[in-house]
Amino acid sequence: MAVMKVSPGETRLGWIGTGVMGSSMCGHLIDAGFSATVFNRTKEKADKLLSAGAAWADSPKAVAEASNVIFAIVGFPADVREVFLGENGVLAGCSSGNIVVDMTTSKPSLAVEIAQAAANLGVHSIDAPVSGGDVGAREARLSIMIGGEREVVDALQPCWQAMGKTIVHQGGPGAGQHTKMVNQILIATGMIGVCEALLYAYKAGLDLETVMKSVASGAAGSWSLSNLGTRIIVGNFDPGFFVEHFIKDMGIALDESKRMGLSLPGLALAHQLYLAVKAQGHARNGIHALHLALAAMSKIDWKNR
């Protein structure tokens, strides 16, 4: 199956999902010279893109009918299934030769299912979840983990380069999603360490910003510490990535681990702790809101300390 040339000014892009990350990502593609047709369940969330020149469509199917390459970044696997495989989904509006790209963090098995359904229609399918949060999306510094045909991945280079900094083809359909699970497992257990360390520093009477100067650039340094640790210190728990979506990701990783016969007790612990975060009312906060749940266990009112 021949692969189209993808280039600004010639290729018509579709974009589904204009939330915290999707709006910035699509915006970068428009800035790179691509025309875009967009859809979101809440139209108001697409206003910024519409003001930048994007066209509006009333369904994922209508987006596909107006586009050569269709991207989506939505919430949960059920949303992915509806967007791509539903009656008014992307594949229902695709023509042979189109390319569909799911950038949602979703189930590897669903990525394979979408790829098979797409192939039956003569359509190319790519799974390309990302890491970097709202800041990475805003600054076009995302890490993009890609599964699918190499030739298609290469054809999409102008799009990847507009959105990300680290662009790696991991293998066939589903490989991008499996790689994102590796990413989420690393973050899940790492966030426990970030939050517990800052709580320790606080109870020891240390100046948290001064502590960060010592530890963030040493062996204990990490993206989460440098980026989310600083938000924790000032009490900013706005979402770069929602707690409820992170719980979803950990659930996928645990299901895949069970299927492969792996025991991952650290991930299981993190999953349970984040369920507590959600139960405390922080489902729509950023994942660093884990700190609030751990602080509460020690009777520390972090926001009013």
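Quick notes
- PHE34 being buried (at least 18 other Cβ atoms within 10 Å of the Cβ), among the aromatic types (Phe, Trp, Tyr) and within 28 Å of ASP249 (Cα to Cα): no
- ASN236 being surrounded by 14 or more Cβ atoms within 10 Å (Cβ to Cβ) and either in a helix (DSSP H, G or I) or not basic (Lys, Arg) (or both): no
- Among residues that are part of a helix (DSSP H, G or I) and assigned by TED's automatic domain parsing to the domain that holds ILE247, GLN161 is not included.
- The residues listed here are VAL215, VAL194; of these, the one that is under 20 Å from TYR274 (Cα atoms) and either in the same structural domain as GLY251 (by TED's automatic domain parsing) or surrounded by 12 or more Cβ atoms within 10 Å (Cβ to Cβ) (or both) is VAL194.
- Residue satisfying condition, being in contact with a Phe, Trp or Tyr (Cβ under 7 Å, 6 or more places away or on another chain) and among the β-branched types (Val, Ile, Thr), within set THR37, THR104, THR11, THR42: THR11
- In the range 37-58, the qualifying residues are those that are in a loop (DSSP other than H, G, I, E, B) and under 18 Å from the mean Cα position of the chain (by Cα), and the one that is surrounded by the most Cβ atoms within 10 Å (Cβ to Cβ) is ASN40.
- Index of the failed condition, VAL20 passing every other in (1) β-branched (Val, Ile, Thr); (2) in contact (Cβ under 8 Å) with a residue 60 or more places away in the chain; (3) under 22 Å from GLY240 (Cβ atoms); (4) assigned to a helix (DSSP H, G or I): (4)
- Test: residue in the range 143-150 that is closer than 24 Å to LEU290 by Cα and either touching a Gly at 6+ places or on another chain (Cβ under 8 Å) or among the hydroxyl-bearing types (Ser, Thr, Tyr) (or both): yes
Rundown of residues vs (1) touching a Lys or Arg at 6+ places or on another chain (Cβ under 6 Å); (2) in a loop (DSSP other than H, G, I, E, B); (3) at pLDDT 95 or above; (4) not assigned by TED's automatic domain parsing to the domain that holds ASP249, yes/no style:
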position	(1), (2), (3), (4)
VAL100	no, no, yes, yes
THR104	no, yes, yes, yes
LEU110	no, no, yes, yes
GLU113	no, no, yes, yes
ALA117	no, no, yes, yes
GLY122	no, yes, yes, yes
SER125	no, no, yes, yes
ASP134	no, no, no, yes
ALA137	no, no, yes, yes
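- Exclusive hit being free of Cβ contacts under 8 Å to residues at least 12 places away in the same chain, outside the structural domain of SER131 (by TED's automatic domain parsing) and among the aliphatic types (A, V, I, L, M), set ALA279, ALA295, ALA268: ALA279
The values are calculated or read from the model by the stated rules, or taken from the named source; none is laboratory data. What you see is a predicted model, and the numbers here were worked out from it, not measured in a lab. Using ideal geometry, Cβ is built from the backbone for each residue, glycine included, and neighbour counts are taken over all protein chains shown.
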